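These notes concern the structure reproduced below.
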Amino acid sequence: MAMKHTVSTHPAEARMLLDDLTRRLEAEGDTATLGRPALGPYVTISRLSGSGGSSIAQILAKELAWKVLDRELVEGLARELELDPRRLELMDETRTNWLRDTIFNLLDSRLVLQDSYVTLLGRVMALAAHKGQVIFVGRAGNLVLPREAGLRVRIVAPRPWRIQRVADRERLGEAAASERVAALDAARYDFVRRHFKVDPDDPGAFDMVLDAAALGEDGVVTLVKKAMEIKELISYHRQP
């Protein structure tokens, strides 16, 4: 059965998704071995504003029957965790030390405190990535999750092209669209620099950087799927 791939910012969706993830974690704890459960497969999508990264994620999710977790839904899950300490305790129990260690080891190297907002987001991402078949849009998923279990994608496009796209989508004049693009880019860059102390444009933080203006959304999706096949993330999904 195909998984739902539409995204809503309604709190009820975050609550339902967290319930599902918690049930999976509890079931894993009942049958866990001493081995460390694997994460993935997953895709992380980082994007410049107006480059079409969110639309590309939706197209990819539809073709793969995967789930999309965007910034609003990831943050909604984090808020649900804050409101329900029992779930955090479950994630910290001995049988789920692999989850705690995965996130803390990754984030400690970037000087992020364990009690920080980013660590809470990281817990959510790792929990969602445990069963795989998920696409993360934004929130520095490429810096939080281990590279070997997924594909880290950066979507870019020339600034004039992005401004025009935002102007058309939001029915803005060119000046307003330009300000909108600048503000969104600045906020995303600030998030990465402030919490991870790295250059958001560093190509070494990604497996592939794709120009949506040159390739088109369908072209980007085609190349992403091919890269996923090369990394053997979707070999079992390949159509005959």
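Laboratory data are not the source of any read-out in this text; all were calculated from the coordinates shown. No experiment lies behind these values; they were computed from the predicted model shown. Ideal geometry is used to build each Cβ from the backbone, glycine not excepted, and the neighbour counts take in all protein chains shown.
Between Gly132 and residues 5 or more places away or on another chain, which pairs have amide H atoms under 5 Å apart, with H built 1.01 Å from N, and which residues are they?
Gly40
Ranked from highest to lowest mean number of other Cβ atoms within 10 Å per residue, what is the order of the peptides 54-61, 43-50?
Order by mean packing, descending: 43-50, 54-61.
If I take all pairs of Cα atoms in region 170-215, what percentage of them are more than 11 Å from each other?
Pairs farther apart than 11 Å: 74 percent.
Please say if region 155-240 is rounded, prolate or oblate, where rounded means a/c under 1.5 for a ≥ b ≥ c the square roots of the C-alpha gyration tensor eigenvalues, and otherwise the choice is prolate for a/b larger than b/c and oblate otherwise?
Verdict is oblate for region 155-240.
Along each of its three principal axes, how wide is the spread of alpha-carbon positions in region 126-199, in whole angstrom units, largest first?
Rounded to whole Å, the extents work out to 43, 27, 19 Å.
In what sequence, highest mean first, do 218-229, 164-175 appear when ranked by Cβ atoms within 10 angstrom?
Numbers: 218-229: 17.6, 164-175: 14.1.
In decreasing order of mean packing, 218-229, 164-175 become 218-229, 164-175.
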